[in-house]
Amino acid sequence: MNRSSRWASAPTALILLASPISLAAQWQSNTGPSGARFGAIVGTDVERYVRAMALAGLIKPLPWAIRPYSAEDLSSMLHDSSIRPHPWQGGLTAALSASAAVGASVYAGANSGFAWGANDGAMWQGRGATGAVGVGAAWRFGPLSAVATPLAFSAQNAGFPVMPQLVGGVSPLSEPQYAVVVDLPQRMGTSSFSRLSPGESTLRLNAFGMTGGLSTASVGWGTGETFPAIFGSNAGGFAHVFLGTKASGVRLPAVGRVTTRYMLGVLEQSEWSPVQGSETYLDVDQSGTRRLGTGLTISFMPALLPSLELGASRFFHSPFRAGSERWQAWSKPFEGIFKKSLRNDAGSGDPTGDADNQMASFFARWVFPARGLEANFELFREDHNWDSRDLAQEPENNSAVMASVRAALEKTADRLSVLTLEYFDGDIRPIAQARAQDALYVHTGMRQGHTQRGQLLGSPMGVGAIGGQRVALEQFTASGSRRLAVQRWRTRSLRTSNGEGLSLGAGGDVPFSHDWVLDGSVAVTRYRRTQSVTLEGGIAWAGTWQLGDPRTNLYARASWSVF
């Protein structure tokens, strides 16, 4: 499972974007309205607050499935005379009126029993204490803007029992069940673990309703929040270029609003990845310690139903080749959707296709602002269908589904409260009894899986047949916020030969084939002018820890930021 925790955010320079060694790691917190000076960073309270405003009908319907929102995006969304009064009105107005800002943040956290955390960027929170410090700056001049966020963190990363591997990886700390096909270590080494990062940094140009630039910031695609299908805030960002419409999209008269985003970047691995050796792709066994990531996402809000959002995303992990072939994968998101149409790359390990790995999702989101309700659904797919008949007969092949419901319980000028229920089902489908099914986020071509520097870019629950549910209640006021959350994760599952899944060649059924984790937490934030202080405490109980004995983890987090 991914263990990390994102709390404080402070923006920094993009100087490492083109560096030969990525140091992508980030750290976010509840910054309050003053954090809007740096945009609505994926996973922060600024982003959740804007979504709550749309849910409550305090602002006009807005696209949600393509994020992050920049400070310019927030200004266009919130500077509208039709907006009703809301708790952060004064704070957001002051923050977004500034053309330049600086800030700083500090963070401290601890886990008593095992490494634990999620949707908090690339900062690793192992067992024991973790600390981080960051500084940042944001600047806007006409259509050009820059956000720079350097930070550093250090984790004690103390020892705890790890699960033995079914198939040996490069380290006993590697992912226990899929050690040779995913870069997801159980622990980041046997001593303290530290890293420096450019964080949520972006250089952006806005013009004629379009936006483009360079970034290391986290990306949010689709409707998921705690359980995002393709991209969320769990692993932090990776160095990439992007191009598309502004967050509010392009309005087509009598048709609707279209929002789209293309990205091309470089993904990297941890020291405990199953791929070692050459940086560039040689063959299926030496697939390269780096990968190219290319993706395209689009959402549509019809004119007749302006609060309905429909869309799709497509993302590829592709070989990082040598020389002039390196960037040939830029067009992958535009190729045919069926595998039989793909070219045959010698040495790819796939006799009918190429070495790339595709993921795709289809999503729908419908907001009923008069009622304060929102419903979301997303279907996630790994890999291609062979042809249209295959797609029609077996759409559930290598798939997962996500759904959520949100309700605005309070929506006054002084208080905004939201209840959220989320559901994720990545189980291996019954079709596995007749046809091979792959586990989620496990890639046999690009053998790092859907990860960046050893952490999952999508849902943080892990790899395999995963599932989860979450209930959260969050309340925003002008002076602070409170959040109560309870969640249940099935973080990994063995595929067995008992007719309920597939055989891994491990000798039949294996006891303790699931790892359930129950987690409950409460967080309180207080805002004072441009400062914020957050305290959180919680308990995580793993019923069959690492497919063995039960374990309990008590955790605490604290952060302070000023912008």
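The values are calculated or read from the model by the stated rules, or taken from the named source; none is laboratory data. Computed from a prediction, not measured in an experiment: that's the story for all the values here. A quick note on method: Cβ atoms are made from the backbone with ideal geometry, for glycine too, and the neighbour counts reach across all protein chains shown. Heavy atoms of the whole protein, side chains included, go into the accessibility calculation; ligands, DNA and RNA do not. Shrake-Rupley method; radii C 1.70, N 1.55, O 1.52, S 1.80 Å.
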Across the stretch 299-310, what is the total count of residues that are in contact (Cβ under 8 Å) with a residue 60 or more places away in the chain and in a strand (DSSP E or B)?
-> 3
Would you check which residues across the stretch 162-209 are open to solvent by 20 Å² or more (accessible area, probe 1.4 Å), hydroxyl-bearing (Ser, Thr, Tyr) and closer than 17 Å to Ala132 by Cβ and list them?
-> Ser192, Ser194
Asp80 being at negative phi, assigned to a loop (DSSP other than H, G, I, E, B) and surrounded by fewer than 18 Cβ atoms within 10 Å (Cβ to Cβ) = yes
The residue that is modelled with the lowest pLDDT, considering only those in the stretch 323-346 that are open to solvent by 60 Å² or more (accessible area, probe 1.4 Å) and hydrophobic (A, V, I, L, M, F, W, C), is Ala346
Return only the number of the condition from (1) modelled with pLDDT of 95 or more; (2) over 16 Å from the mean Cα position of the chain (by Cα); (3) open to solvent by 20 Å² or more (accessible area, probe 1.4 Å); (4) of a type in the set (A, V, I, L, M) that Leu282 does not satisfy.
-> (1)
When the residues of the stretch 488-504 are filtered to those that are touching a Gly at 6+ places or on another chain (Cβ under 8 Å) and open to solvent by less than 30 Å² (accessible area, probe 1.4 Å), which remaining residue is modelled with the lowest pLDDT?
-> Thr496
Residues in the stretch 150-161 that are assigned to a loop (DSSP other than H, G, I, E, B) and open to solvent by 30 Å² or more (accessible area, probe 1.4 Å): how many?
-> 4
Which listed residue, of Val182, Val147, Val170, is in a strand (DSSP E or B) and either modelled with pLDDT of 90 or more or of a type outside the set (Lys, Arg) (or both) | Val147
Conditions (1) farther than 20 Å from Val219 by Cβ; (2) surrounded by 14 or more Cβ atoms within 10 Å (Cβ to Cβ); (3) at pLDDT 95 or above; number of the one not met by Glu271 | (3)
Give just the number: which of (1) open to solvent by less than 10 Å² (accessible area, probe 1.4 Å); (2) under 20 Å from Pro150 (Cβ atoms); (3) assigned to a loop (DSSP other than H, G, I, E, B) does Gly43 not satisfy?
-> (1)
If you scan the stretch 416-446, which residues turn out to be modelled with pLDDT of 90 or more and crowded, with 24+ Cβ neighbours inside 10 Å?
-> Leu416, Val418, Phe424, Tyr441
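Considering the stretch 122-137 alone, what residues qualify as being under 13 Å from Ala104 (Cβ atoms) and among the aliphatic types (A, V, I, L, M)? Quick ask: steps written out before the conclusion?
Taking the stretch 122-137 as the starting set, the residues that turn out to be under 13 Å from Ala104 (Cβ atoms) are 132-137.
Ala132, Val133, Val135, Ala137, listed by residue number.
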Could you run through the stretch 303-321 and say how many residues are touching a Leu at 6+ places or on another chain (Cβ under 9 Å) and exposed (fewer than 14 other Cβ atoms within 10 Å of the Cβ)?
-> 1
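Could you list, in sequence order, all residues of the stretch 87-98 that are at pLDDT 90 or above and open to solvent by 20 Å² or more (accessible area, probe 1.4 Å)?
Residues of the stretch 87-98 at pLDDT 90 or above: 87-97.
Residues satisfying the conditions are Gln89, Gly90, Gly91, Thr93, Ala94, Ser97.
Do you know which residues across the stretch 118-144 are outside any strand (DSSP E or B) and open to solvent by 10 Å² or more (accessible area, probe 1.4 Å)? Please lay out each step first, then the result.
Step one: list which residues in the stretch 118-144 are outside any strand (DSSP E or B), which gives 118-123, 125-126, 142-143.
Within the stretch 118-144, Ala118, Asn119, Gly142, Pro143 meet the criteria.
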